[in-house]
Amino acid sequence: MRKMKVGLIGVGDISNKYVDNLKQYPDIVEIKGCAARNYEKTCGRAKTLGIDFVYPSVDALLADPEIDIVLNLTTPDAHAKYNLAALAAGKHVYTEKPLAATFAEGKQIMDLAREKGLTVCCAPDTFLGGRVQTMREQIDAGLIGKITGGEAAMLCHGWECYHPNVAFYYRPGGGPTLDMGPYYLTALVSLLGPVEAVTAMSSRSSDTRYLPTTGKTVPVEIDTHVSGVLRFASGAVVSATFSFDVWDSVRPRLELYGTEGTLLMAEPDPNSGPNIFGGEIWLRRKEDFRWGQMPRPAGVESLPFEKIPNTRPFSETGHDRNSRGIGLVDQALAIQEGRMARADAQMGLHVLEVLESLVEAAKQEKWLHMTTTCVRPAILPKDFPQK
């Protein structure tokens, strides 16, 4: 199988983990070079990242006939611009989430990809991590029966204390729903299949936000607390709350309710939800006396792992830690194997429509029905290449 060459656009902080992880698969992918708006700064970053070649411009990268896949790690407002340019240049695309800043732009990307016969894949690929894949395995095995409902909760007070430039998060195209929602919705769609319809209500706690990192304030142009209901084509009804207005919460990040039991992500920390690859799972079935944990912590009395059908410990997946970029590795294999990649942007476009519809449904105070659907991605096999 031919090694596929990757051109990286955008060398911000998130590129560190992508580059480190992709280097673990030298027989499958190779980062040939990178480009960004400022050539001199990009050269400095490339040295830090261990990338040997810097293109003088993004156009030069796109013109390189050796580049097979463009990895787009630019800011969300630039995703559509560079995704469309890469496709126009005949390159496959792997882009950070979301697929585009708007659903309309996302449709343009997918239309051009179909016209060109190229693939587009979209982060987040955290759904390929050990936790969500273990949940998927248990759902498919019927461990909690037919899923009838669930809850998703991304509750925090924004990123002002961590990020020096958060103004974007409080403008149209930002906010908790479009920023963090892709992690939660991608996990849910990978577990339950596509969404059929949504409704929501929303509010904002303040018209300005103080940024302690700069001592300045920025205007809040969007609602920062969105609470919605999603009806899945499978029949499951899931409530979802995305908020930058909550100081703290002990709610699980994600819970699924089935006819035979409940499966949930245990940690309430907003940085321990579907936006990470590993983490603890709790299980309670009708025949169990207490909650069981997967994987079972050493020395802790809990539901015996061997009694749970078809369970694979996280250690067998190899992706229970930060594995950003594993979706691109799967894309490279899928292109040559002639199959759909697990992070195919068909799902990314559907997720973008769902999230945008939640925001719009709150404005209109009505139910909105989805115009897109997607294939539930195949589970990651146990023999998938390890780092």
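So the values come out like this:
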item	result
All positions within region 82-114 that are under 23 Å from TYR18 (Cα atoms) and among the aromatic types (Phe, Trp, Tyr)	TYR82, TYR94
Where a residue in region 325-337 is on the phi > 0 side of the Ramachandran plot and its partner, wherever it lies, is among the charged types (D, E, K, R) and open to solvent by less than 10 Å² (accessible area, probe 1.4 Å), with Cβ under 9 Å and at least six apart	GLY325/ASP125
Candidates ALA101, ALA78, ALA89, filtered to the one that is small (Gly, Ala, Ser) and within 17 Å of the chain's Cα centre (by Cα)	ALA101
Residues within region 345-387 that are in a loop (DSSP other than H, G, I, E, B) and either of a type in the set (Gly, Ala, Ser) or open to solvent by 20 Å² or more (accessible area, probe 1.4 Å) (or both), tallied	17
VAL246, sole failed condition from (1) closer than 23 Å to PHE127 by Cα; (2) over 21 Å from the mean Cα position of the chain (by Cα); (3) among the β-branched types (Val, Ile, Thr)	(1)
Test: LEU87 is surrounded by 14 or more Cβ atoms within 10 Å (Cβ to Cβ) and not in a helix (DSSP H, G or I)	no
Count of region 205-228 residues which are surrounded by 14 or more Cβ atoms within 10 Å (Cβ to Cβ) and of a type in the set (Lys, Arg)	1
Count of residues meeting criterion [modelled with pLDDT of 95 or more and open to solvent by 10 Å² or more (accessible area, probe 1.4 Å)] in region 320-335	2
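One line per residue, one yes/no per condition, for (1) open to solvent by 20 Å² or more (accessible area, probe 1.4 Å); (2) among the acidic types (Asp, Glu):
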site	(1), (2)
GLY33	no, no
ALA36	yes, no
LEU49	no, no
PHE53	yes, no
ASP59	yes, yes
LEU62	no, no
ASP68	yes, yes
ASN72	no, no
PRO76	yes, no
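The values are calculated or read from the model by the stated rules, or taken from the named source; none is laboratory data. Every value quoted in this text rests on a predicted model; they were computed, and no experiment measured them. A quick note on method: Cβ atoms are made from the backbone with ideal geometry, for glycine too, and the neighbour counts reach across all protein chains shown. Ligands, DNA and RNA are excluded from the accessible area calculation, which covers all protein heavy atoms including side chains. Shrake-Rupley method; radii C 1.70, N 1.55, O 1.52, S 1.80 Å.
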